[in-house]
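Here's the structure we're looking at; comments come further down.
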Number of protein chains: 2
Amino acid sequence: MQAYDRLLERFRRIAILGEATGMLHWDAAAVMPDGGGEARAEQLATLREMAHALLVAPETGDLVADAEAAGSDPDRRCRIALMRRRWRRATAVPGDLVAALSRAASRCEAAWRAARAGGDYAAVVPFFTEVLARTRDEAAALGQALDLPPYDALIDGYEPGLTAQDCAAVFDRLQSFLPDLLGQAIDHQALAPPPMPLAGPFPVPRQADFARTMMAALGFDFRHGRLDVSAHPFCGGTPDDVRITTRYDEGDFLTGLLGVLHETGHALYERGLPRDLRHQPAGEARGMAVHESQSLIIEMQACRGREFTGWMAPRARAAFGGTGPAWSSENIHRLVTRVSRGLIRVDANEIAYPLHIILRFRLEQALLSGDLPLPDLPGAWNEGMVELVGIRPDGDRDGCLQDIHWYDGAFGYFPTYTFGALMAAQLFAAARDAVPGLGQGLAAGDFSPLLGWLGSHVHAHGATLPWNEILCRATGRPLDVDLFRRHLEQRYLDR
Amino acid sequence: MQAYDRLLERFRRIAILGEATGMLHWDAAAVMPDGGGEARAEQLATLREMAHALLVAPETGDLVADAEAAGSDPDRRCRIALMRRRWRRATAVPGDLVAALSRAASRCEAAWRAARAGGDYAAVVPFFTEVLARTRDEAAALGQALDLPPYDALIDGYEPGLTAQDCAAVFDRLQSFLPDLLGQAIDHQALAPPPMPLAGPFPVPRQADFARTMMAALGFDFRHGRLDVSAHPFCGGTPDDVRITTRYDEGDFLTGLLGVLHETGHALYERGLPRDLRHQPAGEARGMAVHESQSLIIEMQACRGREFTGWMAPRARAAFGGTGPAWSSENIHRLVTRVSRGLIRVDANEIAYPLHIILRFRLEQALLSGDLPLPDLPGAWNEGMVELVGIRPDGDRDGCLQDIHWYDGAFGYFPTYTFGALMAAQLFAAARDAVPGLGQGLAAGDFSPLLGWLGSHVHAHGATLPWNEILCRATGRPLDVDLFRRHLEQRYLDR
């Protein structure tokens with residue numbers, strides 16, 4: 001067998017171990033009884049170790065080198081390059097550091113859960129100190145291997161090619177108008193009486209049925225996926241069998257529904273990945289920014305727009321037996337585009353969300369560099385919240401303890417949320433220009449015009465193009481913050 | 001690391017690949033959307049290949065030899081011997097034969113589904129010929145490696161140590177009284193009017209709730225397992241997270257319930273396996289005969305007895321809102337012990353069941369040896385049914401096409417069902433003698449006396465003792481067919 005074919009077979013095995021891990025992770029979150037947790041943790045750790053061992057084995061590096069040396073067409077070169085990239089990142093970090101980081105993160109995550117519940121940041125600091133130290137070691141090792149600054153090497157793990165310099169430039173631009181725009185939007189909405197709340201309760205089975213109806217309208221194929229319940233919504237499974245989860249609140253169906261629509265965007269991306277590149281890095285999703293662009297183009301751009309809410313509202317009214325003016329399309333649109341200042345990132349509206357991200361981007365750089373000592377994090381957090389979002393947390397529970405990411409060792413992840421939001425706005429504007437009938441489709445519950453365009457312009461590329469190249473080819477220009485601004489001004493200032 | 005510890009680690013990985021395979025199999029049967037099937041088949045095949053490759057690697061054999069040479073206590077020797085056994089069986093069959101058998105079985109299984117639907121045995125013969133030829137090759141290879149006659153080598157894969165000679169002796173004894181006893185039982189039951197049917201419909205959610213209540217009474221721990229629905233009921237998952245499945249018929253809750261109780265018996269065995277031997281062959285269930293003894297001691301011995309049905313009947317009446325004399329404990333007991341002559345093994349009562357097995361035992365030997373040419377199977381089947389069960393199939397659908405086993409390459413499996421039934425009767429009699437209050441427990445829905453005894457006398461041994469040694473130690477004597485006979489005479493002839 002040729003080196004390239006042997007390489008494909010090796011990566012196929014690695015991918016299938018990953019698919020098994022993904023399904024077991026879904027199972028643990030959605031259906032596993034509690035008592036299975038310990039055994040499941042061992043299963044997951046062992047399958048991951050086996051995949052890692054296959055990846056970092058010297059034979060993998062040799063096969064990559066042989067396949068490169070054999071020379072070939074540009075497509076194959078790209079596929080091999082992505083395998084080299086995967087191998088290089090995996091081999092850059094010594095095994096004992098991987099293990100130390102994993103142990104530190106597990107301990108810190110547990111400590112964080114208790115610390116957050118009690119709002120007691122000091123309690124997590126000893127564990128967090130260890131995570132931060134090991135993350136610095138990891139960033140240094142990765143940076144050296146990839147010839148990147150340490151922090152960039154971490155970001156690159158979430159969205160390949162994205163740099164701190166990209167982030168800083170974009171985030172400075174965003175900061176130049178978002179805080180004002182947030183205030184203007186709040187003032188603008190205050191000119192009218194607040195939207196009327198929808199009176200529940202909304203029984204969970206009915207919410208689940210309605211969510212499935214909406215998913216089907218979006219193009220989710222239930223022969224190749226499921227919707228279930230978990231404490232933390234996610235999109236998992238495999239491209240052939242996408243498992244999304246949500247949680248329901250009997251007093252509010254809109255939050256659960258929009259969560260489902262968000263995860264459906266992720267799911268449609270996974271389903272649209274190139275089948276002929278399955279089980280190799282080139283056939284996987286590009287990074288987390290691109291992934292988030294696909295969830296946000298569905299949730300934020302399409303589903304919170306007037307076209308979709310106009311179609312969805314009467315169907316929701318029928319599904320839940322709603323009556324009265326609160327169920328009008330206009331009122332429901334106002335409910336899903338309501339803006340306020342809040343402390344919690346995951347509850348933030350799309351104007352405020354990037355401000356939460358900018359805060360985290362700056363703080364995580366300062367933590368990694370040592371400019372911000374760990375004990376000073378709460379103070380810096382609270383100052384930053386005042387500067388960026390305009391409110392101050394009462395305590396650390398709703399402040400620097402709110403997100404799991406850092407305590408779990410995920411540094412460099414946060415920026416991808418906002419790059420995803422910006423890409424979503426730009427892709428949606430381009431799709432509208434390019435596809436006749438896209439808006440009429442949304443207004444009729446028909447997402448196929450939008451999905452067709454996303455399929456060929458984003459999904460079908462898999463990981464073969466960098467995020468900014470996908471964007472350039474799809475929209476004719478590099479990332480343009482003004483398209484995001486225009487979207488927000490249209491939606492929130494009626495401009 | 002010592003050879004023994006490295007061996008344990010190797011088998012731990014093999015076992016965890018097996019656990020992942022088990023969970024993915026459960027998922028495919030219970031929750032997976034249809035479109036995931038192709039990808040799932042590839043996942044399962046790849047994980048099985050990886051486990052097989054780990055097992056048959058020369059290092060495994062070297063480590064076993066080194067661990068044996070290091071010498072140690074009897075317990076460890078037993079554990080190593082079970083690893084050698086696993087390795088020997090796996091290495092006995094050349095890889096290309098394993099692949100050929102797997103391919104032939106997959107093709108034949110598909111052909112069998114169509115052939116059975118149409119009752120067209122001739123259509124499956126070409127595929128079955130290939131399966132049989134490859135199974136003969138497999139039996140020859142295994143027999144040579146294990147120093148066993150070929151058919152014994154196949155039986156040994158399902159219940160280690162069980163031989164064709166054991167089976168022939170026991171089955172001859174059974175044939176000496178079972179056909180008569182079946183007739184007597186039918187005549188005896190005909191002295192009274194038939195039991196009154198229970199009027200449905202029985203909604204599936206209520207059946208599932210009731211089944212869970214009964215499972216809990218039996219000692220099934222829902223923190224470590226689940227009950228779900230699948231086309232073919234089975235017990236899967238892992239000892240820490242046992243997944244059993246059933247199917248429901250809205251017109252008849254008893255069949256589904258007894259299926260659940262049967263699988264619960266399997267599940268309790270898995271849960272009771274020795275935790276300190278987890279992830280090595282010694283900690284696994286003994287063979288299929290022992291496994292079946294644990295499902296049948298629950299379903300047949302305990303749950304179809306008057307003590308349990310007396311407790312269950314009023315609870316079923318309450319659960320389903322039943323009224324009238326059909327819901328009396330006596331009538332329900334008569335329903336679950338009703339005897340007749342039937343063509344289908346899986347529907348057979350406990351008197352007739354061994355007769356179905358004896359037929360298959362004799363025919364599979366004749367097929368393997370070549371004494372029975374494949375085209376002659378239907379005739380031989382129908383003759384055997386007349387001789388043993390006293391009825392003749394109308395066609396092959398309800399005759400030699402009814403079971404998947406042979407067409408899927410499973411020869412040597414059938415005898416374990418009946419050895420399980422005999423063991424169950426003997427173990428139940430011994431438990432009754434040994435445990436005061438066992439019967440009163442069952443009459444009060446309390447299975448803990450029975451379970452406590454089974455736990456220490458059967459479950460806790462894992463695979464460290466052969467089936468007949470487990471039986472001898474638990475009951476004080478080798479397999480005794482008379483105990484099964486006595487059980488049947490008591491239950492069906494009121495002796």
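The values are calculated or read from the model by the stated rules, or taken from the named source; none is laboratory data. None of the values given here were measured: they were computed from a predicted structure. Cβ sites come from the backbone with ideal geometry, for glycine too, and all protein chains shown count toward neighbours.
Looking at segment B:205-222, which of the residues that are under 23 Å from B:Ala443 (Cβ atoms) and aromatic (Phe, Trp, Tyr) is farthest from the other protein chains (Cβ to nearest Cβ)?
That would be B:Phe210.
Quick one: B:Arg107 ticks every box in (1) free of Cβ contacts under 8 Å to residues at least 24 places away in the same chain; (2) surrounded by 14 or more Cβ atoms within 10 Å (Cβ to Cβ); (3) among the charged types (D, E, K, R); (4) assigned by TED's automatic domain parsing to the domain that holds B:Ala20 except a single one, so which number is it?
Single failed check for B:Arg107: (4).
When you go through (1) crowded, with 17+ Cβ neighbours inside 10 Å; (2) in contact (Cβ under 8 Å) with a residue 24 or more places away in the chain one by one for A:Asp66, which number turns out not to apply?
(1)
Taking B:Val481 as meeting all but one of (1) closer than 24 Å to B:Asp347 by Cβ; (2) buried (at least 21 other Cβ atoms within 10 Å of the Cβ); (3) under 20 Å from the mean Cα position of the chain (by Cα), write down the number of the exception.
Here B:Val481 clears every test but (2).
Looking at A:Gly395, A:Gly441, A:Gly399, which one is outside any helix (DSSP H, G or I) and surrounded by 19 or more Cβ atoms within 10 Å (Cβ to Cβ)?
Testing whether each residue is outside any helix (DSSP H, G or I) and surrounded by 19 or more Cβ atoms within 10 Å (Cβ to Cβ) leaves just A:Gly399.
Mind checking which residues of segment B:11-34 are within 7 Å of chain A (Cβ to nearest Cβ), at pLDDT 95 or above and part of a helix (DSSP H, G or I)?
B:Arg13, B:Ile16, B:Glu19, B:Ala20, B:Met23, B:Leu24, B:Asp27
Of everything in segment A:6-30 that's in contact with a strand residue (DSSP E or B) (Cβ under 7 Å, 6 or more places away or on another chain) and of a type in the set (A, V, I, L, M), which residue is farthest from B:Met32 (Cα to Cα)?
Per the criteria, the residue is A:Ala29.
Which one of these does B:Trp311 not meet: (1) in a helix (DSSP H, G or I); (2) without any contact (Cβ under 8 Å) to a residue 60 or more places away in the chain?
Unmet condition: (2).
Looking at this structure, is B:Gln426 surrounded by fewer than 19 Cβ atoms within 10 Å (Cβ to Cβ), out of contact with any Gly (no Cβ under 6 Å at 6 or more places or on another chain), in the same structural domain as B:Tyr353 (by TED's automatic domain parsing) and assigned to a helix (DSSP H, G or I)? Talk me through it step by step, then tell me what you get.
Values: surrounded by fewer than 19 Cβ atoms within 10 Å (Cβ to Cβ): no; out of contact with any Gly (no Cβ under 6 Å at 6 or more places or on another chain): yes; in the same structural domain as B:Tyr353 (by TED's automatic domain parsing): yes; assigned to a helix (DSSP H, G or I): yes.
Considered against the rule, which asks whether it is surrounded by fewer than 19 Cβ atoms within 10 Å (Cβ to Cβ), out of contact with any Gly (no Cβ under 6 Å at 6 or more places or on another chain), in the same structural domain as B:Tyr353 (by TED's automatic domain parsing) and assigned to a helix (DSSP H, G or I), B:Gln426 comes out as no.
Which residue pairs have Cβ atoms under 6 Å apart, sit 6 or more places apart or on different chains, and have a first residue in segment A:273-292 that is not assigned by TED's automatic domain parsing to the domain that holds A:Asn468 and a second that is aromatic (Phe, Trp, Tyr) and in a loop (DSSP other than H, G, I, E, B)?
none
Pick from segment B:35-44 the residues that are hydrophobic (A, V, I, L, M, F, W, C) and either more than 22 Å from B:Cys235 (Cα to Cα) or more than 10 Å from chain A (Cβ to nearest Cβ) (or both): which of them is farthest from the chain's Cα centre (by Cα)?
B:Ala39
Inside segment B:50-60, can you point out the residues that are more than 11 Å from chain A (Cβ to nearest Cβ) and touching a residue at least 40 places away in the same chain (Cβ under 8 Å)?
Correct list: B:His52, B:Leu55, B:Glu59, B:Thr60.
So which of A:Leu47, A:Leu7 ends up being aliphatic (A, V, I, L, M), touching a Leu at 6+ places or on another chain (Cβ under 9 Å) and more than 10 Å from chain B (Cβ to nearest Cβ)?
Exactly one of A:Leu47, A:Leu7 is aliphatic (A, V, I, L, M), touching a Leu at 6+ places or on another chain (Cβ under 9 Å) and more than 10 Å from chain B (Cβ to nearest Cβ), namely A:Leu7.
Working carefully through the options B:Ala145, B:Ala169, B:Ala164, B:Ala141, find the one that is more than 27 Å from B:Ala318 (Cα to Cα) and free of Cβ contacts under 8 Å to residues at least 24 places away in the same chain.
B:Ala169
From the set of residues in segment B:223-272 that are within 11 Å of chain A (Cβ to nearest Cβ) and either among the hydrophobic types (A, V, I, L, M, F, W, C) or under 15 Å from the mean Cα position of the chain (by Cα) (or both), which is surrounded by the most Cβ atoms within 10 Å (Cβ to Cβ)?
Top of the filtered list is B:Val242.
If you check A:Met83, A:Met23, which single one turns out to be in contact (Cβ under 8 Å) with a residue 24 or more places away in the chain, in contact with a Pro (Cβ under 7 Å, 6 or more places away or on another chain) and surrounded by 21 or more Cβ atoms within 10 Å (Cβ to Cβ)?
Checking each option against the conditions leaves just A:Met83.
Yes/no matrix, rows are residues, columns are (1) modelled with pLDDT of 95 or more; (2) at positive phi; (3) assigned to a helix (DSSP H, G or I); (4) loosely packed, with under 13 Cβ neighbours inside 10 Å:
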position	(1), (2), (3), (4)
A:Ile155	yes, no, yes, no
A:Pro160	yes, no, no, no
A:Gln165	yes, no, yes, yes
A:Ala168	yes, no, yes, no
A:Phe177	yes, no, yes, no
A:Gly183	yes, no, yes, no
A:Pro195	yes, no, no, no
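Out of A:Glu387, A:Glu469, which single residue is in a helix (DSSP H, G or I), over 19 Å from A:Glu292 (Cβ atoms) and outside the structural domain of A:Phe128 (by TED's automatic domain parsing)?
Criteria check complete, one pass: A:Glu387.
Given (1) free of Cβ contacts under 8 Å to residues at least 24 places away in the same chain; (2) more than 9 Å from chain B (Cβ to nearest Cβ); (3) surrounded by 14 or more Cβ atoms within 10 Å (Cβ to Cβ), identify the lone condition not met by A:Asp73.
Tallying (1) free of Cβ contacts under 8 Å to residues at least 24 places away in the same chain; (2) more than 9 Å from chain B (Cβ to nearest Cβ); (3) surrounded by 14 or more Cβ atoms within 10 Å (Cβ to Cβ), A:Asp73 fails exactly one: (3).
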